[in-house]
Amino acid sequence: MLIFLINKMVIKLFWQDPYMKECYAKVTAIESNKVWLDQTVFFAFSGGQASDKGTINNINVLEAVKQNEDEIYYILEKEPDFEVGDNVKVKIDWDYRYNIMKLHSAAHIVYYFFIEKAGQQKVIGSNISIDKARLDFAYNESVSQLLPEIQEKTMEVINQGINIKTFKDEKDPTRRLWECGKWLMPCGGTHVRNTKEIGQIKLKRNNIGAGKERIEVSLVD
């Protein structure tokens, strides 16, 4: 049985401040172990970036799901003991989120240095998870010989401490943009504020089939 208030739209606090670790929110709908909130710090899987982990009123969230542009629901590990209309505490696993923010920002920088070397290539896949970021290209040559220079240039940008901004596109309010120095691209994910936060990275090539090349980005402790 679905119990809900009239409005299930959610305010995405992770866009206003990706460093916000917790918030209080009103429950707007409940269906079994699925919960909707009026605002959230939880990023839901989108654009290749993994869903956040964390809790709602100390109940583990298995996954945050983006239902449409304005709606996110949360799959809990058990049915909640709270009700629609209650205020609940929403808390993310910050270490998990912060690693993903670093990897996501690093992946964008790697992308730009790859196309600088290889020319504009079609992106056929991408994913940002806790372990690594990956960029998949339709590309007929091995990227192995390009990676040392791409990694070196990426580390130069990281060490320069360039500010990163994310913001709503004034021309298209449904789209968000990522900006770092001279680079600008559409992105609705969460990112660090400055490249120095990323730290040391390592690049690896992975062959995923004929005419396809994958660059994997990982953080080095």
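The values are calculated or read from the model by the stated rules, or taken from the named source; none is laboratory data. Remember, it's a predicted structure, so these values are computed and weren't measured experimentally. So basically every Cβ, Gly included, is an ideal-geometry build from the backbone, and we count neighbours across all protein chains shown.
Values for this structure:
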{"read-out": "Residue that is surrounded by the most Cβ atoms within 10 Å (Cβ to Cβ) [pool: residues in segment 78-126 that are of a type in the set (G, A, S) and not in a helix (DSSP H, G or I)]", "value": "S126"}
{"read-out": "Unique residue being exposed (fewer than 14 other Cβ atoms within 10 Å of the Cβ), at pLDDT 95 or above and within 27 Å of Y96 (Cβ to Cβ) when the list is N206, N159", "value": "N159"}
{"read-out": "Residue, farthest from the chain's Cα centre (by Cα), within segment 176-198, restricted to residues that are within 17 Å of D17 (Cα to Cα) and part of a loop (DSSP other than H, G, I, E, B)", "value": "R193"}
